[in-house]
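Reviewing the structure listed below.
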Amino acid sequence: MRAFEATRRFFHTAAEHLDLNAQAREAMLMASREVRVQVSIERDDGSLATFVGFRVQHDNSRGPMKGGLRYHPEVNLDETRSLASLMTWKTAVVNLPYGGAKGGIGVDPRSLSQREMERLTRVFVDQIHDIVGPDTDIPAPDMGTDHRVMAWFRNQWEKYHGFNPAVITGKPVEEYGAKGREEATGRGVGTLTVKLTKRLGMKPEATSIAIQGFGNVGSHAAKFLSEAQFPVIAISDITGTYYRKEGLDIAAALHHKLQHPYGLLEGFTECEVLPTDALLTLPNVDILIPAALGGVITEKNAKQISAKAIIEAANGPVDPDADRILHDHGVTILPDILANAGGVTVSYFEWVQNRQHYRWTLDRVRQELDRTLSEAFEHVWQNAHERDLSLRTAAYMIGITRVRRASELAGLT
Ligand code: NAD
């Protein structure tokens, strides 16, 4: 199923429970602007390489649009459109004063040198600089991009518009970044996993966890949860699944990641090594955390999932057909628009600090993150239980209602 179709179906399920007519639904689903640009760079060997870049700005009823930049071979307009709309509902669920956007380039970052990545980022900024800005659309890191890409982006954008670090978040801490931004999405996933397992009556020491993807989000979630005494029994990346029934040594895996090219787990031997796609359907997993790509859990593999709960650290990992099967099997799903909102929440804190020229301590960032996510979780949990809805439908309903209310107050409808 295409990514936008999946988001559209989740939206419509929630809209059924709200008094939203067909015209209002279409208006809320359609992006306000979609931009596709050519990104051509000179490679280190002097040859020319051409890629396609996108920025989709979905909705700004609640504030400037906010959303990551993804560098991945599968980036396309449909996926970017889906991710931009997820950002609108996500920022609304956690009640940040933002709308939603997303962007990216269809490129495998591992096929580029550092200098080529820098050139690619600068050419992309040349193409889109006039539609992004601290009061309009503020990018951030996503798959395949990190604080260095954010620093290049800011530097290139400022050549056109002058000093304004609030144009992008996820910057290096020494370059106007926020302490705690890098860990924020994974930490938020960990915090919310603790909350959900408490509600489900599961004890940390007796709750096994499997995490797909050991990049920014997956590795920080693994660290947080293993420190909270959960046995993390499996982790995976593009090189394989790394499994140990009694629980992996996550500190050793993190150390291995730091020492190896592209942060991969290849060569990590203190465990059994299985094929990459084995992770999702491992037996005896209590909590499954997909933290890599979208669309990985479908009707083809949903029935083989042993977990009692799924925490959607990635965007769109469970498609609507799988969602229905899992729901019928009693699996609780914490939806992406809440589960991975820690990243955009600390991005908001970074933007606030940049605008005030003031720095928060790491403790303050963590406290405010915890408070923001806890409030959002309680709100979604209560709404779901009062109305006997899934957590996803309850979260979408809260997001849609807030966006609709903002546009009504502004007099746009
Ligand atoms: P990343 O590039 O840092 O890491 C991605 C990881 O997934 C890598 O370990 C990679 O090897 C692995 N991977 C890729 N394909 C895989 C496969 N088929 N099987 C197993 N592993 C695979 O990306 P990230 O920033 O950690 O983002 C991961 C997900 O989280 C994405 O869906 C992204 O949209 C979402 N997300 C990220 C942030 C953020 O702040 N970075 C915020 C919200 C949501």
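The values are calculated or read from the model by the stated rules, or taken from the named source; none is laboratory data. From a predicted model like this one, the values you see are computed outputs, not experimental measurements. Note that we place each Cβ from the backbone using ideal geometry, even for glycine, and neighbour counts take in every protein chain shown. Heavy atoms of the whole protein, side chains included, go into the accessibility calculation; ligands, DNA and RNA do not. Shrake-Rupley method; radii C 1.70, N 1.55, O 1.52, S 1.80 Å.
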- Task: Could you run through the stretch 114-144 and say how many residues are more than 17 Å from Thr80 (Cα to Cα), open to solvent by less than 50 Å² (accessible area, probe 1.4 Å) and part of a loop (DSSP other than H, G, I, E, B)?
- Result: 1
- Query: Taking interchain pairs and intrachain pairs at least six residues apart, which have beta carbon atoms under 7 angstrom, with the first residue in the stretch 340-356 and within 16 Å of Ala291 (Cβ to Cβ) and within 14 Å of the ligand (Cβ to nearest atom) and the second assigned to a loop (DSSP other than H, G, I, E, B) and of a type in the set (D, E, K, R)?
  - Reply: Asn340/Glu312
- Query: Glu375: over 25 Å from the mean Cα position of the chain (by Cα), surrounded by fewer than 19 Cβ atoms within 10 Å (Cβ to Cβ) and not in a loop (DSSP other than H, G, I, E, B), yes or no?
  - Reply: no
- Query: Can you name the residue in the stretch 90-113 that is in contact (Cβ under 8 Å) with a residue 24 or more places away in the chain and in a helix (DSSP H, G or I) and, of all such residues, is farthest from Arg62 (Cα to Cα)?
  - Reply: Arg110
- Task: Just need a number here: residues in the stretch 303-330 that are out of contact with any strand residue (DSSP E or B) (no Cβ under 6 Å at 6 or more places or on another chain) and either assigned to a strand (DSSP E or B) or open to solvent by 10 Å² or more (accessible area, probe 1.4 Å) (or both).
- Result: 17
- Query: Can you find a residue in the stretch 386-399 that is surrounded by fewer than 18 Cβ atoms within 10 Å (Cβ to Cβ) and in contact (Cβ under 8 Å) with a residue 40 or more places away in the chain?
  - Reply: yes
- What number goes with the only condition from (1) more than 16 Å from the ligand (Cβ to nearest atom); (2) outside the structural domain of Ile128 (by TED's automatic domain parsing); (3) outside any loop (DSSP other than H, G, I, E, B) that Ser219 does not pass? (1)
- Message: If I filter the stretch 395-409 for residues that are farther than 28 Å from Glu26 by Cα and not small (Gly, Ala, Ser), do I get at least one hit?
- Response: no
- Task: Any residue in the stretch 251-280 that's part of a helix (DSSP H, G or I) and open to solvent by less than 30 Å² (accessible area, probe 1.4 Å): show its pairings with residues that are β-branched (Val, Ile, Thr) and modelled with pLDDT of 95 or more at Cβ separation under 6 Å, as long as the two are six or more apart or on different chains.
- Result: Ala278/Thr241; Leu279/Thr241
